[in-house]
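The next block holds one structure in the form of structure tokens; read it before the comments.
What follows draws every value from the coordinates through simple rules; no lab data is involved. No experiment lies behind these values; they were computed from the predicted model shown. Every residue, glycine among them, receives a Cβ derived from its backbone with ideal geometry; neighbour counts consider all protein chains shown.
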Amino acid sequence: MPTLYVRNLPDDLHKRIRSRAARKRRSLGAEVIVLLEGALKTEDDRERRLQALERIAERRRAMPKSSDSLDLLREDRNR
């Protein structure tokens, strides 16, 4: 398993991570892994949401333009 060393970690950040690890009864290294995994998952989730929104926008652009909702309802009923 690879090892990661972080240089010049700000003292305040180190204290916050160490405190969080103690509260969660984890080692400092285990807590850093949890934080990194959470950050990457959040980024992945955000990317998936953006992709879904783009697909929705593409579908909306592909839909025919209609200014009257009654026309749409009538068209749907006639299918």
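For this structure, a couple of remarks:
- Cα-based reach from K15 at 17 Å (exclusive), listing aspartates and glutamates while leaving out same-chain residues under 8 positions away: E31
- For Cα Rg over 2.2 N^0.38 Å, the candidate list reads [x] 1.38; [y] 2.14; [z] 1.79; the entry that matches the value derived from this model is [y].
- Using the Cβ-Cβ distance between L36 and L70 with R0 set to 35 Å, the FRET efficiency from 1/(1 + (r/R0)^6) comes to roughly 0.05.
- Distance in nm between pseudo-label sites at N8 and R61 (7 Å out along the Cβ direction from Cα): 4.2 nm
- Using 0.36 nm per residue and subtracting the Cα-Cα separation, the extra length available between I17 and R79 on full extension is 16.3 nm.
- Candidate aspartates and glutamates - alpha carbon under 19 Å from K24, same-chain residues fewer than 8 apart omitted: D12, E37
- For the chain, size of Cβ-based charge dipole, Lys and Arg +1, Asp and Glu -1, in debye: 400 debye
- With Cα atoms, 0 to 90° folded angle of helix 28-62 axis to the chain main axis: 10 degrees
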